[in-house]
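The values are calculated or read from the model by the stated rules, or taken from the named source; none is laboratory data. All of these numbers come straight from a predicted model, not from anything done at the bench. A quick note on method: Cβ atoms are made from the backbone with ideal geometry, for glycine too, and the neighbour counts reach across all protein chains shown.
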Amino acid sequence: MNLEDLQSRSDLSLNEIDFLITHERDVKILIKLYYFRFKAMGFTSVESYKLAKIPKSTAYYMEDLWNEGGYSALLPKKGQGRKSKLNDVQMKELEEILDTKDKWIISDVENLIKEKWDVKYSYFGVRKLLINVFDVEIENLHDKKLKERSKIKNQIESFKDLSNKEKEELQDIVNLIKDEKRVDVLKRLIFLLLKKIGLSTANSSYFLGVTIATGNNWLRKWNKNQYSGLLHKPGQGRKSDLTLEHVDSIKKNSKKEMIG
């Protein structure tokens, strides 16, 4: 049985279709061949596409192709691949962004595309873009974490370069954190600790879930009044929406209800 002779025929027997199946390596084409195998076995079109687990519309479209050119008509044509979800302008912008770094983490690019153009790509879709379209080297997330750990280690090593005054201040903050019971004050002390060990204001603020302006404000208060500057001053809390008259009225009504 000659493979080339069978590829352009649409009147293949069950044995001939089985011969094509044994030589097929493309899973998508293999599924299509199984549809025609079921047809050759005597099943109806409906039964065949259900057995092959393909959509009805796909099955009938495949039959038209098969009738025109047999097996060879089922093969994907050049340039018929799925179009990119990004248009040409967006693809160009993405290329310029990718050129700013030698390596990219797939999930970072996935999030970038979603945030910038509101286009959802799967993890593997982004991987295919990076490798096949832009020829970008992929960085392993594990490798990135190792670099971050190395960076932190370097920061720790830099503590040795602190002056005695800076070391004392750092130790004071650590001692205050150990003894602090108020969550809001503890948060401010941790921010200061992060700053003192070398993190930027932006990273320290992000870690604690506050704005950069809030972080800078805590830092100013510490530099001016140290620990006392981080505490709430009397009257600094949010003012109550209730006036004294409202409070007295609520108390009187509560007493009446209790008596009643």
Task: residue 32 vs. criteria in contact with a Leu (Cβ under 8 Å, 6 or more places away or on another chain), among the basic types (Lys, Arg) and either modelled with pLDDT of 80 or more or buried (at least 16 other Cβ atoms within 10 Å of the Cβ) (or both) - done: yes
Open item on the list: Just to be sure I understand, how many residues within region 41-57 are at pLDDT 85 or above, part of a helix (DSSP H, G or I) and surrounded by fewer than 16 Cβ atoms within 10 Å (Cβ to Cβ)?
Closed with: 5
